[in-house]
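In what follows, a single structure is set out as structure tokens and then discussed.
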Amino acid sequence: MKNIIAPSVLSADFGNLERDIKMLNGSDCTWLHLDIMDGVFVPNMSFGFPVIESIAKVAKKPMDAHLMIVDPDRYIERFAKLGVEYITVHLEACTHLNRTVAAIRDCGVKAGVAINPHTNVALLEDVLPYIDMALIMSVNPGFGGQKFIPQSVEKVRKLRKMIDDSGSKCLIEIDGGVGEDNVAMLAQAGVDAFVAGSSVFGSKDPLATITFMANA
Ligand code: DX5
Ligand code: ZN
């Protein structure tokens, strides 16, 4: 598979969550993306530990937790205990970001840092040596189903150059408004991992959509 596809469980049918997670288990996706929202950092709330525990019991793919919450340090250990592969925190939510990413790695989890659409990618430069993934938000976080912000492509190109020039192995993930129509262009710009919520769960054939995106 060429591209890492991380379907966002936020767009799943929560009344049939087990069915949807099993569908993803049998798909060409690489990760399951968990969008955690606290109603403070973003103007919406999503789901918490009881739901994540249920997902973890059924999931056969690594989980990629995207924490859109203030003071994420409080929950790093709990996410680590649930066996997530990545914990991604927002640069805008962390006063001591270097300490936070170190705490994630100390728990044996890969560390990611996300930036909002208004945040300059240059701000990632000093944390790049300490992280496994940088997440470019291509919508304002808080809701699925929003329109892709076109300026995000240039941010990906800049970040790709920063990463390649530094010799880092950090992955680039993109999140928001990603689907079959823009995945190839984004891969070309340098994205490694693609979060896809409504484009997967809103598709008539989610398995085919995931396969298409994974090979685009
Ligand atoms: C937005 C979340 C996204 C979102 C993606 O706050 O971080 O992961 O669910 O949804 P789509 O793919 O529908 O834009
Ligand atoms: Zn997300």
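The values are calculated or read from the model by the stated rules, or taken from the named source; none is laboratory data. In this text, all values refer to a predicted model and were calculated from it rather than measured experimentally. Glycine gets a Cβ as well: all are built from the backbone with ideal geometry, and neighbour counts include every protein chain shown.
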Exercise for the section: Being closer than 16 Å to residue 133 by Cβ and part of a strand (DSSP E or B) narrows it down to one of 65, 102, so name that one. Expected result: 65
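In the set 132, 106, which member is in contact with a Lys or Arg (Cβ under 9 Å, 6 or more places away or on another chain), away from ligand 2 (no atom under 12 Å from the Cβ), of a type in the set (Asp, Glu) and at pLDDT 95 or above? Spell out how you get there, then give the answer.
Values: 106 fails: in contact with a Lys or Arg (Cβ under 9 Å, 6 or more places away or on another chain).
The unique qualifying residue is 132.
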Handout entry: Test: residue in the stretch 116-134 that is closer than 21 Å to residue 5 by Cα and assigned to a helix (DSSP H, G or I)
Key = no
Exercise for the section: Would you be able to say whether some residue in the stretch 119-129 is within 30 Å of residue 206 (Cβ to Cβ), out of contact with any Leu (no Cβ under 7 Å at 6 or more places or on another chain) and among the aliphatic types (A, V, I, L, M)? Expected result: no
Practice task
For the stretch 189-214, enumerate the residues that are within 24 Å of residue 134 (Cα to Cα) and assigned to a loop (DSSP other than H, G, I, E, B).
Solution key: 190, 191, 192, 197
Problem - So residue 79, is it within 17 Å of the chain's Cα centre (by Cα) and assigned to a helix (DSSP H, G or I) - result: yes
Handout entry: Selected residue (only one of 203, 198 is among the hydroxyl-bearing types (Ser, Thr, Tyr), touching a residue at least 60 places away in the same chain (Cβ under 8 Å) and either more than 18 Å from residue 31 (Cβ to Cβ) or surrounded by fewer than 23 Cβ atoms within 10 Å (Cβ to Cβ) (or both))
Key = 198
Problem - Pick from the stretch 122-152, criterion surrounded by fewer than 18 Cβ atoms within 10 Å (Cβ to Cβ) and within 18 Å of residue 189 (Cα to Cα), ranking: farthest from ligand 1 (Cβ to nearest atom) - result: 122
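Matching residues to (1) under 24 Å from residue 45 (Cα atoms); (2) within 16 Å of ligand 2 (Cβ to nearest atom); (3) among the polar types (S, T, N, Q):
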residue	(1), (2), (3)
101	yes, no, no
126	no, no, no
157	no, no, no
186	no, yes, no
Problem - Near pairs, Cβ below 7 angstrom, 6+ apart or cross-chain, from the stretch 115-129 (touching a residue at least 40 places away in the same chain (Cβ under 8 Å) and at positive phi) to any residue that is part of a loop (DSSP other than H, G, I, E, B) and basic (Lys, Arg) - result: none
Practice task
Return a yes/no flag: does the stretch 176-183 have any residue that is more than 16 Å from ligand 2 (Cβ to nearest atom) and more than 21 Å from residue 215 (Cα to Cα).
Solution key: no
Handout entry: Filter result (over 19 Å from residue 113 (Cβ atoms) and within 16 Å of ligand 2 (Cβ to nearest atom)) within the stretch 60-98
Key = 61
Practice task
Return yes when residue 174 is within 16 Å of ligand 1 (Cβ to nearest atom), within 21 Å of residue 117 (Cα to Cα) and not in a loop (DSSP other than H, G, I, E, B) and no when it is not.
Solution key: yes
Exercise for the section: Please enumerate the residues belonging to the stretch 111-144 that are over 30 Å from residue 13 (Cα atoms) and of a type in the set (Phe, Trp, Tyr). Expected result: 130
